[in-house]
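Chemist: Here's a structure for you.
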Amino acid sequence: MNLTTAADITLQPPWAKIAPKIVTVNGDTRADHYSWLRDRDNPDTLKYLEAENRFTEAVMKPAEPLVNKLYDEMLGRIQQTDLSVPARRDGFFYYTRTEEGKPYAIYCRKHGSLESAEEILLDGNAMAQGHEYFRIGNFSVSPDHRLLAYSVDFDGDEAYTIHVKDLATGNLLADEIPNTYYSLEWANDNATFFYAVLDAARRPYKIFRHSLGVMDDALVYHETDERFTVEVSKTSSRAFLLVDSGSPLTSEIRYLNADHPLGEFATILPRVEGTEYDVTHHGESWLIRTNRGSKTFRVLEAPLSDPAHAREILASRDQVTVENIVAFKDYFIVEERDRGLVKIRIQNFSSAAVHYIDFPDPVYTAGLGGNAEFDTRTLRFVYTSLVTPPSVFDYDLETRERELKKQQEVLGGYDPAHYQSERIFATAPDGVRIPISLVYKKGFVKDGRAPALLYGYGAYGISTDPAFSSDRLSLLDRGFVFAIAHVRGGADLGKPWHEDGRLLHKKNTFTDFIATAEFLVSEKFTSPDRLAIMGGSAGGLLMGAVTNMRPDLFGAVVALVPFVDSLNTMLDPSLPLTIGEYEEWGNPEDKQYYDYIKSYAPYENVVANAYPHILATAGLNDPRVSYWEPAKWVAKLRATKTDDHVLLLKTNLGTGHFGASGRYEHLKETAFHYAFILTALRISAANERG
């Protein structure tokens, strides 16, 4: 199939009959020709989305055999009947398992030992019956293990409803709480829990206390600053409940003795603009991770009774960012990022001896696993790399021995020795070195003929760490190079990396990505007509921006739920996330930010030019990136671009930001995306590299 000539179907959208919306901000007047797509109640809107879906289906119809082949390959690598490594808490072992042919996880536990009888707590497959979408948000068992508080979402809009189940009888209690978010924690009395609710803009802004059987819940905290969101958690010691109120740049934490849930939350450290901190509890002290006095964070110790009087116990280091701290009874665990790689630092509280866990691969991802016990000498961590499937280890903190508890099984004879991963560096226009993580099949020849998929994100200080994907083997085995561009805006090289890719430095994210692509081409890993790029959400903004800037550099673009109508969204404070993200993008009511966002916002910068093949996706119920952003972007591209390359919009009319919720439907989505890439780059069975 050749996408250039397959699109002989005429799409007749209804925008011609609708007058554009005239927008004037900061003295600048713009005509928004496709603003009508924001009106979800307008019958023309749904008709348009459905028409685009039919167009996408028709254009991709010849690729159906390839989609099915890719799906079968991906499914064939998965151990469909499987279970997670049980996590021990008190005398119980909690785990999830899956069964072949069933799309959702089953939540289980055993009491006393792993040889005991299984108790099914929730069966996602039974709960999802009759629903197109299903996702469990909170899953929290009471301290005495007799009750389960959990939440569900059937629409994909991330507004969850809490239910409480009596695990002895299997019956649901009358307690039911709608419009809640992802955090929920029990007090130690086994009769009280705390949870977050959403405001009209889908911001978690209030924390309530719920007493079982009581209808009227008590408000314990209301965050009035619309830049801030709230969540509730519990210290690893289980001694304190925490309410964390934070914006992208500032945080403030309140605490309450978990034995006394009717008490008042007290502030640990009052908020200071630009200061972030989080805490863990140990003995009579708070251990505080903070960026006060250090962009890369340091750790302080302060008395519970007087948190303001703290002493430094782990100093800041220029090349190392402290990302997370956890206290066990006898050990202090620190997750650090050292020049792009995660390290796990272990310190004995009594002896002060320090050591690190060693990892074998040059490019990898590691992080703490399900550590539910406080008084333990065993640390659970998860390790993966671009060639190593996710692996769960138990690490003895005294002997330093590790035990592999489980590695994801890849069916079909996967051998990591047949693949090669490495880290290389491109140079950005300002001279900064941009890391690139690569994986390809051994025997790869750098002659510029190989296809490549370059992935990027670059926002919110979120790192894109190199991890294994069995789905990706369907590309690698066809001769692809898969690359991750660790661009500024993420925290791939620590907190300063984020700072250098936000607000008035945001364009560094785009120029870093372009430099990465140019480097892959110059080093003959690929060529422009063989290079596909992919990113989602804020990474979809990246896709739109670089495609406007360098449409000649890419052969195909996959923009998943892309944040491409950035200027108009950031000008609307009634939308979810907008106000809270002023610290990431800037408030466009301020002219300097308006001008800057306008200069890169993908929708604003579509011009009469030749563009690559493009696939954009949307979720009708998406609360993070509204469906109309990719819809407007595609409409403007379709009316403006000068090429005959395929432009597709695929809107899932029953899901939200994260796409399909069932594992099989998720695989089908991935197979569709890969089929689009393979077809756009003209990778056929005849020229696949084995």
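Laboratory data are not the source of any read-out in this text; all were calculated from the coordinates shown. Note that the structure is a prediction, hence the values are computed from the model and not measured. With ideal geometry, Cβ positions are generated from the backbone for all residues, glycine too; neighbour counts draw on all protein chains shown.
Chemist: Using the Cα gyration tensor of the range 223-311, with a ≥ b ≥ c the square roots of its eigenvalues, what is the shape: rounded (a/c below 1.5), prolate (a/b larger than b/c) or oblate (neither)? Intermediate results must be reported in sequence, preceding the final value.
Modeler: Working: a/c = 1.97, a/b = 1.14, b/c = 1.72.
Oblate, because a/c is 1.5 or more while a/b does not exceed b/c.
Chemist: Sticking with this structure for a sec: How high is the relative contact order of the chain, given as a whole-number percent (alpha carbon pairs under 8 Å, six or more residues apart)? Present the calculation step by step, with values, prior to reporting the outcome.
Modeler: Working: 1614 pairs, mean separation 76.1, N = 690.
Over the chain, the number comes to 11 percent.
Chemist: Would you tally the net charge around ILE436, using a Cβ to Cβ cut-off of less than 15 Å, leaving ILE436 out, and scoring K and R as +1, D and E as -1?
Modeler: Numbers: positive: ARG339, ARG423, ARG433, LYS446, ARG488, LYS524; negative: GLU422, ASP465, ASP492, ASP512, GLU518, GLU523.
Net of charged neighbours comes to 0.
Chemist: Any idea how far the Cα center of the range 387-460 sits from the one of the range 542-593, in Å?
Modeler: Cα centroid of the range 387-460 versus Cα centroid of the range 542-593: 29 Å apart.
Chemist: Would you mind checking LYS598/LYS636; LYS61/LYS446; LYS329/LYS495; LYS295/LYS507; LYS234/LYS495 for any pair whose Cα atoms are more than 23 angstrom apart?
Modeler: Working: LYS598/LYS636 16 Å; LYS61/LYS446 33 Å; LYS329/LYS495 29 Å; LYS295/LYS507 21 Å; LYS234/LYS495 25 Å.
Cα-Cα > 23 Å for LYS61/LYS446; LYS329/LYS495; LYS234/LYS495; rest within.
Chemist: With the Cα gyration tensor of the range 131-275 giving a ≥ b ≥ c as the square roots of its eigenvalues, does the rule (a/c under 1.5 for rounded; else a/b larger than b/c for prolate; else oblate) give rounded, prolate or oblate? It would help to have the intermediate numbers written out before the result.
Modeler: Values: a/c = 2.06, a/b = 1.26, b/c = 1.64.
In terms of gyration-tensor shape, oblate.
Chemist: Continuing with the same structure: Residues with beta-carbon under 12 Å from that of VAL334, excluding VAL334: net charge, scoring Lys, Arg +1 and Asp, Glu -1?
Modeler: Numbers: positive: ARG289, ARG298, ARG317, ARG337, LYS343, ARG345; negative: GLU323, GLU335, GLU336, ASP338.
Net of charged neighbours comes to +2.
Chemist: Sorted by packing (mean other beta-carbon atoms within 10 Å per residue), highest first, where do 192-200, 136-144 land? Please report the intermediate quantities before stating the final value.
Modeler: Numbers: 192-200: 21.2, 136-144: 17.9.
Packing proxy ranking, top to bottom: 192-200, 136-144.
Chemist: I've got another one for you. Taking amide H positions as placed in the peptide plane 1.01 Å from N, state which residues far from PHE328 in sequence (5 or more) or on other chains have amide H under 5 Å from it.
Modeler: Placed amide hydrogens put ILE333 under 5 Å from PHE328.
Chemist: Kindly express, to the nearest 10 degrees and within the range 0 to 90, the angle between helix 538-549's C-alpha long axis and the longest C-alpha principal axis of the chain.
Modeler: 30 degrees
Chemist: Step through the residues of the range 97-104 one at a time and calculate ³J(HN,Hα) from phi using the Karplus curve (6.51 cos²θ - 1.76 cosθ + 1.60, θ = phi - 60°), rounding each to whole Hz and writing x for Gly and Pro.
Modeler: Once rounded to whole Hz, the list reads 9, 10, 10, 4, x, 10, x, 10.
Chemist: Among (1) 28.8, 91; (2) 25.5, 76; (3) 32.4, 119, find the value of Rg and Dmax of the Cα atoms in Å that was calculated from the structure presented, and write down its label.
Modeler: It is the value labelled (2).
Chemist: Which ³J(HN,Hα) values, rounded to whole Hz and listed in residue order, are derived for the range 612-625 from phi using the Karplus coefficients 6.51, -1.76 and 1.60 in 6.51 cos²θ - 1.76 cosθ + 1.60 with θ = phi - 60°, glycine and proline given as x?
Modeler: Karplus values, whole Hz, x for Gly and Pro: x, 4, 9, 10, 10, 10, 8, x, 4, 9, 5, x, 9, 10.
Chemist: For LYS406, enumerate residues with amide H under 5 Å from its amide H, sequence gap 5+ or separate chain, H modeled in the peptide plane.
Modeler: VAL392
Chemist: By the scheme Lys and Arg +1, Asp and Glu -1, what is the net charge of all other residues having a beta-carbon under 11 Å from that of ALA459? The partial results should precede the final answer.
Modeler: Values: positive: ARG488, ARG502, LYS506; negative: GLU581, GLU584.
That sum, taken over residues with Cβ under 11 Å, equals +1.
Chemist: Quick check on packing: order 177-184, 165-172 by the mean number of other C-beta atoms within 10 Å, highest mean leading. Could you put the intermediate results ahead of the total?
Modeler: Details: 177-184: 18.5, 165-172: 12.0.
Top of the packing list down: 177-184, 165-172.
Chemist: Just tell me which lysines come within less than 18 Å, Cα to Cα, of LYS641; anything on the same chain fewer than 8 places away is out.
Modeler: Correct list for LYS641: LYS632.
Chemist: Let me ask you something else. Considering only DSSP beta bridges with both partners in the chain, what is the antiparallel share in %, to the nearest 5? Intermediate values should be presented prior to the final figure.
Modeler: On the way: 129 of 154 bridges.
Of those bridges, close to 85 percent are antiparallel.
Chemist: List, in order, the whole-Hz ³J(HN,Hα) value for each residue of the range 55-71 obtained from phi through the Karplus relation with A = 6.51, B = -1.76, C = 1.60 and θ = phi - 60°; use x for Gly and Pro.
Modeler: The phi angles translate into 4, 4, 4, 5, 5, 8, 3, x, 8, 4, x, 5, 4, 5, 5, 4, 4 Hz.
Chemist: Roughly how many Å is it from the Cα centre of the range 319-377 to that of the range 106-130, as a whole number?
Modeler: The distance from the Cα centre of the range 319-377 to that of the range 106-130 comes to 31 Å.
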